[in-house]
Amino acid sequence: MLRLKKEIDFYGHRKIYYAISIGLMALALVCALIFGVKVDIQFTGGTIATYSYEGDLDFAAVENTAAEVTGFTVTSDSSQSVSGNASQIALSIGTVDGMTVDMESELTSRLETDFADNNLQYVSIDSVAASMGRDFLLKCLVAVLAAFVLMVVYVAIRFRRIGGWSAGVTGVIALIHDTLIVFSVFIIFRLPIDDNFMAVILFILGYSINDTIVIFDRIRENEKLYGRSLDYPQLVNKSISQTFTRTLNTSLSTLLAMVSVCVFAVVFGVNSILSFAFPMVAGLISGFYSSVCLSGTIWAWWKSSRSSRGRKTAKTAKAK
């Protein structure tokens, strides 16, 4: 287990932490403006056609054939059947109102004929209307917003001794940072925004706030123990240093598990798992980083700036 033997000046290096975070989010914004944001048909509407196959299938050729038959943009993804005995390809077809029965039949017939050597066979075709996709996206965004609000209220009530609302707001600022970092990963690595994105976001929100609560809990204990003998930056540096080992070890254990899942997904070519596990790895790293480097230092800056003189000034005046 890793142990931190000395106190680190997290507050003194806060500008470096803020610059790193802003730089990463600026990079994502540039990528979004240049390359655009890929949104899955779960949110935009469209059709997913799934087929089983054998051997080595030319995915690009399948996409081109499907696009020729349907006249729509087609992307593909690989997966395994539930039984694990057959490989499958899922074609995402960017229709607005779904495909007609005749078009589905024509597509299946053409693919089974052109890729008979791979024994390509029909499994299922599911369509999502554009209106349903928008409703699904709206519900997901409402769930994320509700999570933010509930976390602010919870942290504010639990840590009212150290200025509950300031702790709640700074904790949520760190969560917004984590959300943007996960979004950045999807943008930079050209992953489609889908239900995996929402699942990762909601998981990271719960995971990251847990680390932040541990740090604020130690700040509250040290506030009670040391009183005004420490100013806000000193209080935060001591509290983060004391909880650093616990936070790091917990994050590493979870991170190693998710890295193992990523390796498994790459080796076996399960892209649907990789599109969840890889952003999770980035989210776990961001959650550790925001809890340790951002939430506490922002809180200390907030409290110091709102204090009429600041703790250190008050302490000096009392000594005189």
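The values are calculated or read from the model by the stated rules, or taken from the named source; none is laboratory data. Just so you know, these numbers come straight off a predicted model, no measurement behind them. Don't worry about glycine lacking a Cβ; one is built from the backbone with ideal geometry, like all the others, and counts go over all protein chains shown. With ligands, DNA and RNA removed, areas are computed over all heavy atoms of the protein, side chains included. Shrake-Rupley method; radii C 1.70, N 1.55, O 1.52, S 1.80 Å.
Looking at ARG190 and the list (1) in contact (Cβ under 8 Å) with a residue 24 or more places away in the chain; (2) loosely packed, with under 14 Cβ neighbours inside 10 Å; (3) outside any loop (DSSP other than H, G, I, E, B); (4) not β-branched (Val, Ile, Thr), which single condition is not satisfied?
Checking ARG190 against (1) in contact (Cβ under 8 Å) with a residue 24 or more places away in the chain; (2) loosely packed, with under 14 Cβ neighbours inside 10 Å; (3) outside any loop (DSSP other than H, G, I, E, B); (4) not β-branched (Val, Ile, Thr), the one that fails is (3).
If the Cβ limit is 8 Å and pairs must be 6+ apart or interchain, which residue in the range 145-165 that is within 21 Å of LYS303 (Cβ to Cβ) pairs with which residue that is of a type in the set (Asp, Glu) and part of a helix (DSSP H, G or I)?
PHE159/ASP217; ARG161/GLU223; ILE162/GLU223
Would you mind telling me which numbered condition in (1) touching a helix residue (DSSP H, G or I) at 6+ places or on another chain (Cβ under 7 Å); (2) within 26 Å of PHE197 (Cα to Cα); (3) aromatic (Phe, Trp, Tyr) TYR154 fails?
(1)
Output the residues belonging to the range 189-245 that are basic (Lys, Arg) and under 25 Å from ALA147 (Cα atoms).
Answer for the range 189-245, where residues must be basic (Lys, Arg) and under 25 Å from ALA147 (Cα atoms): ARG218, ARG220.
Restricted to the range 23-53, and to residues that are assigned to a strand (DSSP E or B) and among the hydrophobic types (A, V, I, L, M, F, W, C), which residue is farthest from ILE187 (Cα to Cα)?
ALA49
Among what's in the range 76-108 and is in a loop (DSSP other than H, G, I, E, B) and open to solvent by 70 Å² or more (accessible area, probe 1.4 Å), pick the residue that is modelled with the highest pLDDT.
THR100
Could you please give the count of residues in the range 240-281 that are in contact (Cβ under 8 Å) with a residue 60 or more places away in the chain, in contact with a Cys (Cβ under 9 Å, 6 or more places away or on another chain) and within 28 Å of ALA28 (Cα to Cα)?
So the count comes out to 2.
Within the range 52-64, track down each residue that is among the aromatic types (Phe, Trp, Tyr) and over 14 Å from ASP117 (Cβ atoms).
PHE59
Scan the range 91-120 for residues that are of a type in the set (A, V, I, L, M, F, W, C), free of Cβ contacts under 8 Å to residues at least 12 places away in the same chain and within 14 Å of SER52 (Cα to Cα) and jot them down.
Of everything in the range 91-120, just one residue is of a type in the set (A, V, I, L, M, F, W, C), free of Cβ contacts under 8 Å to residues at least 12 places away in the same chain and within 14 Å of SER52 (Cα to Cα), namely ALA116.
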